[in-house]
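Asker: The structure under discussion is supplied below as structure tokens; questions concerning it will follow.
The values are calculated or read from the model by the stated rules, or taken from the named source; none is laboratory data. These numbers come from a predicted model, not from an experiment. When we count neighbours, we look across all protein chains shown, and the Cβ atoms used for this are built from the backbone with ideal geometry, even at glycine. Just so you know, the surface numbers come from the protein's heavy atoms only, side chains and all, with ligands and any DNA or RNA stripped out. Shrake-Rupley method; radii C 1.70, N 1.55, O 1.52, S 1.80 Å.
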Amino acid sequence: MESVLLRARGVANSRDITTYLQAGGWEGFKKALSMPPEAVTQEVIDSELRGRGGAGFPTGRKWSFVPKDHPGPKYLICNADESEPGTFKDREIIEYDPQMVLEGIAIASYAIGAHTAYIYIRGEFFRWAKILEEAIAQARAHGFLGKDILNTGYDLDVWVHRGAGAYICGEETALIESLEGKRGFPRLKPPFPAVVGVFGKPTVVNNVETLACLPHIMTRGARWFASIGRPRNTGPKLFCVSGHVNRPGVYELPLGVTFREIIFEHAGGIRNGRKLKAFFPGGSSAPVLTADEVDVVADFDSCAAAGTMLGSGAVIVMDDTVDMVEVGRNLAHFYAHESCGQCTPCREGSDWCLDILNRLVQGYGHPSDPDQLLRICRFASQGMTICPLGDAFSLPISSLVSKFRNEFAAAIARAKPIPPKKLPVMPWVGKDVRFGG
Amino acid sequence: MKTQAIHAVPPEQLQKVTFDEAMEKRIAEIFERYPTKRAAMLPVLWLCQERYGWISPGVIAAVAERLEESPAFVEGVVSFYTMFHRQPPAKYVLQLCVTLSCELCGAKTLAHHIKERLGIGFGEKTPDGTFQLLGVECLGACGGAPVIQVNEDYYENMTPEKLDQLLSELAREQ
Ligand SMILES: Cc1cc2nc3c(=O)[nH]c(=O)nc-3n(C[C@H](O)[C@H](O)[C@H](O)COP(=O)(O)O)c2cc1C
Ligand code: SF4
Ligand code: FES
């Protein structure tokens, strides 16, 4: 496939606005400005673009939920929090083509009628925040941002807002709270941000990669975009491949390639001549797939049909030396640390899982542990929590237990007797009648 | 790339903080961007951490006053995020990613290596205040696993040898 989102990678001075203009940059925004905002939204709906931040929600439809007749300000937020483990694609776009992100922001802002946009970027990305600041200054100097843009009467300011270290602030309502100057506690939905968002105003939150698609949709048309990929799963997608592959990195491929192609053709197969054991197809919050499932198609609907998620397109690859109990421990550590703590099933559940998995890894497993883990995970993933982090931790962990139960059993078979003090969570014995076991 | 050292202002000088003109000017610019003062919270805290190296209780009180919030509220925000130093940090804060892709690619070896070479584990500082080790969660650079962030800079595809070289350079430059 021709490079679309990564076309600037490897080009000299690719970040400079003159380079971007030479490649036809900012033409998409000019075209959008010549159309009524609703027509821009319609074009994006027709392209069938789905959000690249994780949930895969149709972008144009999300915009159409913004009340048209709302009198006060509306906001656009570019989500550059990029904190789903395994994901490093938005950074790549910003590194090589920050103007493309800004143009996407401008198109989306115009379509929803926002005059202020914020780019919420994770705190660790010092370098990339600076790149964006410089890009904004250049775009302003060229009259693509600011007051009365290109004599159309349309105003738009874009500000970079840095996070300060919190995975949960990638979740859109936590992001909004954080932007408002508070702890990043997710909000209950509804109301959805499109109706009540930042500062109580209608707000659209879109991922960097989603926004980067927009200039191309505007210049080349919805039909062109929809011709890439598969029905309802259209367009180019950035896949981040990490772990035990020969060539980790970001690959731009049409939605609809298989994970086999991604891992073996593009990422060069498994390191050191080892064999593939398993992989997370869409970040660590997506249920794991085994080597037998490597022919699953990498698009939103096919992943859902395979019981997992395309998520952010982050493929984490594990070879046959990997201990899946330790993988579970690693992930439980992440989620227990990142749970914001508002909901009991998520706050306690992630910690309990971590305690049990720590115990298992240290050789103090108990025969009831796998079921105990599954039970905790079930509680955290039944819509019992404010935000989807409950599912994000429990689905991958329960998938590890279900698909690699033999490894959990082996760890338990090797276990030493549990010294009484080393027992952070009592092993669950017998059937809990209240909760139906 | 040359990583800038952090020069943390000692606690006794940060008990009572008043912002000078330069800080006030930048705070005023930040206020321009948002409809509420509260939204300036993270940018102003970042400004303070840049300036003082860390966020002391005195800094919290000053930020609270400037943003018309209670110190308790600001403290609540500061403590929620991992990147604000609530104690004076070392000159170089080694932030080793411990999440999955990095662990798969050798983060544990790096942690052991640092322990051996500098004698510090996660959360510890060298006695001379040059290095501090933190275990951090996914840095969003997993293609370059294992990754270590030193102050503001990313170092990717790290090996014990590269780490040795980096630590020697930093120790020399400080
Ligand atoms: C726990 C959690 C973490 C998330 N982290 C991110 C993130 O780092 N970046 C991102 O773009 N979206 C993230 N999302 C998804 C956002 O909530 C939101 O759906 C997305 O930014 C919408 O943009 P899109 O429609 O363009 O995909 C996260 C969601 C959850 C539940
Ligand atoms: S599910 Fe977890 S992260 Fe989400 S709001 Fe509840 S406690 Fe916070
Ligand atoms: S897992 Fe270490 S950078 Fe993502």
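Asker: Return the only residue of A:Leu357, A:Leu310, A:Leu331 being of a type in the set (A, V, I, L, M), touching a residue at least 12 places away in the same chain (Cβ under 8 Å) and within 16 Å of ligand 3 (Cβ to nearest atom).
Answerer: Values: A:Leu357 fails: within 16 Å of ligand 3 (Cβ to nearest atom); A:Leu310 fails: within 16 Å of ligand 3 (Cβ to nearest atom).
None of the others qualify; the one that does is A:Leu331.
Asker: Can you tell me how many residues within the stretch B:117-137 are in a loop (DSSP other than H, G, I, E, B) and either within 16 Å of ligand 2 (Cβ to nearest atom) or open to solvent by 20 Å² or more (accessible area, probe 1.4 Å) (or both)? Lay out the reasoning, then the answer.
Answerer: If we filter the stretch B:117-137 for residues that are in a loop (DSSP other than H, G, I, E, B), which is where we start, we get B:119-124, B:126-130, B:137.
Filter again for either within 16 Å of ligand 2 (Cβ to nearest atom) or open to solvent by 20 Å² or more (accessible area, probe 1.4 Å) (or both), leaving B:119, B:122-124, B:127-129, B:137.
Of the residues in that region, 8 qualify.
Asker: Does A:Lys130 count as more than 19 Å from the chain's Cα centre (by Cα), surrounded by fewer than 22 Cβ atoms within 10 Å (Cβ to Cβ) and at pLDDT 95 or above?
Answerer: On the way: more than 19 Å from the chain's Cα centre (by Cα): yes; surrounded by fewer than 22 Cβ atoms within 10 Å (Cβ to Cβ): yes; at pLDDT 95 or above: yes.
Judged against the criteria, A:Lys130 is a match.
Asker: Out of (1) open to solvent by less than 40 Å² (accessible area, probe 1.4 Å); (2) in a loop (DSSP other than H, G, I, E, B), what's the single condition that is false for B:Asn157?
Answerer: Here B:Asn157 meets the rest and fails (1).
A quick yes/no check of all residues on (1) open to solvent by 40 Å² or more (accessible area, probe 1.4 Å); (2) in a loop (DSSP other than H, G, I, E, B); (3) among the β-branched types (Val, Ile, Thr); (4) in contact with a Phe, Trp or Tyr (Cβ under 6 Å, 6 or more places away or on another chain):
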residue	(1), (2), (3), (4)
A:Gly256	no, yes, no, no
A:Arg260	yes, no, no, no
A:Ile263	no, no, yes, no
A:Gly268	no, yes, no, no
A:Ala278	no, no, no, no
A:Gly282	no, yes, no, no
A:Ser285	no, yes, no, no
A:Asp292	yes, no, no, no
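Asker: Looking for whichever is away from ligand 1 (no atom under 16 Å from the Cβ), more than 26 Å from A:Ser3 (Cβ to Cβ) and out of contact with any helix residue (DSSP H, G or I) (no Cβ under 6 Å at 6 or more places or on another chain) here; the options are A:Gly123, A:Gly72. Which one fits?
Answerer: Values: A:Gly123 fails: away from ligand 1 (no atom under 16 Å from the Cβ).
A:Gly72 is the lone residue from the list that is away from ligand 1 (no atom under 16 Å from the Cβ), more than 26 Å from A:Ser3 (Cβ to Cβ) and out of contact with any helix residue (DSSP H, G or I) (no Cβ under 6 Å at 6 or more places or on another chain).
Asker: I need the full set of residues from the stretch B:71-107 which are surrounded by fewer than 15 Cβ atoms within 10 Å (Cβ to Cβ), within 13 Å of another protein chain (Cβ to nearest Cβ) and of a type outside the set (A, V, I, L, M, F, W, C), in order please.
Answerer: Residues satisfying the conditions are B:Gly76, B:Ser79, B:Arg86.
Asker: For the stretch A:78-93: of the residues being at the interface with chain B (Cβ under 7 Å from one of its Cβ atoms) and within 10 Å of the chain's Cα centre (by Cα), which is surrounded by the fewest Cβ atoms within 10 Å (Cβ to Cβ)?
Answerer: Looking only at the stretch A:78-93, we keep the residues that are at the interface with chain B (Cβ under 7 Å from one of its Cβ atoms), and these are A:82-83, A:85-88, A:91.
Subsequent filtering for residues that are within 10 Å of the chain's Cα centre (by Cα) retains A:82-83, A:85-88.
Values: A:Glu82: 29, A:Ser83: 25, A:Pro85: 29, A:Gly86: 32, A:Thr87: 32, A:Phe88: 28.
The extreme case among them is A:Ser83.
Asker: Continuing with the same structure: Test each condition in (1) within 16 Å of ligand 2 (Cβ to nearest atom); (2) open to solvent by less than 20 Å² (accessible area, probe 1.4 Å) for A:Ala55 and report the one that comes out false.
Answerer: (2)
Asker: Just one of (1) within 15 Å of ligand 1 (Cβ to nearest atom); (2) facing chain B (nearest Cβ under 10 Å) trips up A:Glu172, so point out which.
Answerer: (2)
Asker: Residues being open to solvent by 10 Å² or more (accessible area, probe 1.4 Å) and either in a loop (DSSP other than H, G, I, E, B) or at pLDDT below 95 (or both): count how many of those fall in the stretch A:97-127.
Answerer: Residues flagged as open to solvent by 10 Å² or more (accessible area, probe 1.4 Å) and either in a loop (DSSP other than H, G, I, E, B) or at pLDDT below 95 (or both) within the stretch A:97-127 amount to 4.
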